[in-house]
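Worksheet: the structure to be examined is printed underneath.
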Amino acid sequence: MASTCPKAQSCGGCDLNGIKYSQQLEMKQACVEDLIGPFCPVAPIYAMNDPFHYRNKIQSVFGLSRRGEIVSGIYRKGTHLIIPVRSCMIENRTADEIPQSVKMLVKKLGMQIYNEDAYTGFLRHVLIRYSESTSQAMVVLVCSDFRFRQEKAFVRELLSLHPCIRTILLNRNTEDTSMVLSDLPEKLVCGDGCIEDVLCGLTFRIGPKSFWQVNSVQAQRMFKAAMKMARFSGKETVIDAYCGTGTIGLIAAASGAGRVTGIELNPSAVEDARFNALKNNISNASFVCGDASDILKDMASKGQSCDILFLDPPRAGSTEKFLAAAMRMAPRSIIYISCNPQTLARDLRYIHSRGEYRAVGAQPVDMFPQTSHVETVVLLERVSGVV
């Protein structure tokens with residue numbers, strides 16, 4: 001199964017586009033085996049049945065062509081040159097239609113496009129989040145001002161074209177940055193500011209800045225693999241570090257864990273995690289806001305421990321400070337979910353050097369078909385006899 005996108009060379013986002021999917025999987029399997037194989041056996045990678053149109057999050061940049069025509073698409077990799085895109089091979093089909101409707105309404109209603117050089121105009125980006133499980137979409141207009149004189153007409157016509165849209169928000173961003181959303185609070189235009197998605201039988205609230213896996217199908221398989229590694233008996237105390245909106249911790253709490261504590265630095269993510277626990281009637285999970293390294297170190301100094309520790313860090317991986325604090329908690333198992341085999345290998349090397357834990361198995365997951373990225377779940381177990 002191979003398909004070549006006409007924008008592949010100019011876009012650069014899908015670096016494996018045009019390569020047969022079976023070959024992509026072989027390349028990713030080889031990558032994980034090369035980096036993680038020296039630490040533990042690597043299982044066959046989890047492939048997708050349909051490796052296209054899986055992305056549930058779209059970020060479309062708006063600009064003007066040299067002829068002054070409105071264009072929407074993505075930046076060429078490493079530049080701010082806009083590559084016009086009408087449809088994308090890896091974006092959800094329903095969500096993929098919305099930016100084109102926005103572009104039509106921008107022209108129809110006389111909305112001004114933002115000029116990065118002159119700092120003039122209104123619309124800069126459009127961010128779409130979509131849930132296949134609930135058929136709900138979120139639209140975030142990234143703009144230079146919260147004053148939106150065409151707001152009523154825009155909302156009326158966009159909702160008429162796309163009834164799946166549950167909420168529309170404005171995010172004000174005039175900074176000279178590659179970041180799409182600013183840190184400023186959004187202005188609610190319609191709806192309640194969030195959508196819901198269902199993962200592993202649980203319902204989660206997703207806001208404009210929520211961290212959420214962009215491939216819900218493969219995320220579910222990955223989390224189920226992590227739960228299988230945990231081997232819950234119903235009595236375990238579990239820590240979910242880097243917990244975000246509580247996804248892993250709540251799935252663990254609903255999958256047989258005794259008691260779950262989630263740790264997250266972002267206060268709004270903690271608020272979402274607590275909401276998600278209530279939404280799903282989960283009473284055996286709680287969430288605290290703070291730096292995971294400091295919290296684990298403090299817990300260990302008080303003689304507290306846990307049975308299982310999950311960590312799902314960003315691409316940069318974890319830190320020696322955190323890993324040392326995690327091992328002081330003396331869990332029987334550490335389950336490391338990684339989106340970067342290079343930093344995963346680095347962290348496993350540090351863990352093995354301490355002599356307290358050993359990796360016993362790894363499960364690669366193809367979360368991002370058509371790209372070289374690969375996720376990996378690794379089970380580490382405490383070495384017998386270590387005090």
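The values are calculated or read from the model by the stated rules, or taken from the named source; none is laboratory data. What you see is a predicted model, and the numbers here were worked out from it, not measured in a lab. Glycine gets a Cβ as well: all are built from the backbone with ideal geometry, and neighbour counts include every protein chain shown.
Numbers for the structure displayed
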| quantity | calculated |
| --- | --- |
| Of residues in segment 144-166 being touching a helix residue (DSSP H, G or I) at 6+ places or on another chain (Cβ under 7 Å) and part of a loop (DSSP other than H, G, I, E, B), the one surrounded by the fewest Cβ atoms within 10 Å (Cβ to Cβ) | Gln150 |
| Boolean, Lys235 is part of a loop (DSSP other than H, G, I, E, B) and not assigned by TED's automatic domain parsing to the domain that holds Asp312 | no |
| Residue under evaluation Asn281, criteria (1) closer than 24 Å to Glu381 by Cβ; (2) without any contact (Cβ under 8 Å) to a residue 40 or more places away in the chain, criterion not met | (1) |
| Near pairs, Cβ below 7 angstrom, 6+ apart or cross-chain, from segment 316-337 (over 15 Å from Leu348 (Cα atoms)) to any residue that is of a type in the set (Asp, Glu) and not in a helix (DSSP H, G or I) | Pro331/Asp307; Arg332/Asp307; Arg332/Glu381 |
| Ser268 vs. criteria of a type in the set (S, T, N, Q), out of contact with any Asp or Glu (no Cβ under 7 Å at 6 or more places or on another chain), at pLDDT below 95 and in a helix (DSSP H, G or I) | yes |
| Test: residue in segment 253-275 that is surrounded by 20 or more Cβ atoms within 10 Å (Cβ to Cβ), out of contact with any helix residue (DSSP H, G or I) (no Cβ under 7 Å at 6 or more places or on another chain) and acidic (Asp, Glu) | yes |
| Answer residue from segment 340-376, given it is of a type in the set (A, V, I, L, M, F, W, C) and touching a Ser or Thr at 6+ places or on another chain (Cβ under 8 Å) and is farthest from Met48 (Cα to Cα) among those | Leu344 |
| Evaluation of Ser160 against (1) closer than 23 Å to Arg86 by Cα; (2) in contact (Cβ under 8 Å) with a residue 60 or more places away in the chain (one fails), failing number | (2) |
| Strands (runs of 3 or more DSSP E) (entirely within segment 24-143) containing at least 1 residues that are small (Gly, Ala, Ser), without any contact (Cβ under 8 Å) to a residue 60 or more places away in the chain and in the same structural domain as Val189 (by TED's automatic domain parsing) | 57-64, 70-75, 136-143 |
| Residue check for Leu344: of a type in the set (A, V, I, L, M), surrounded by 15 or more Cβ atoms within 10 Å (Cβ to Cβ) and at pLDDT 95 or above | yes |
| Residue that is farthest from Gln220 (Cα to Cα), among those in segment 307-365 that are part of a helix (DSSP H, G or I) and aromatic (Phe, Trp, Tyr) | Tyr350 |
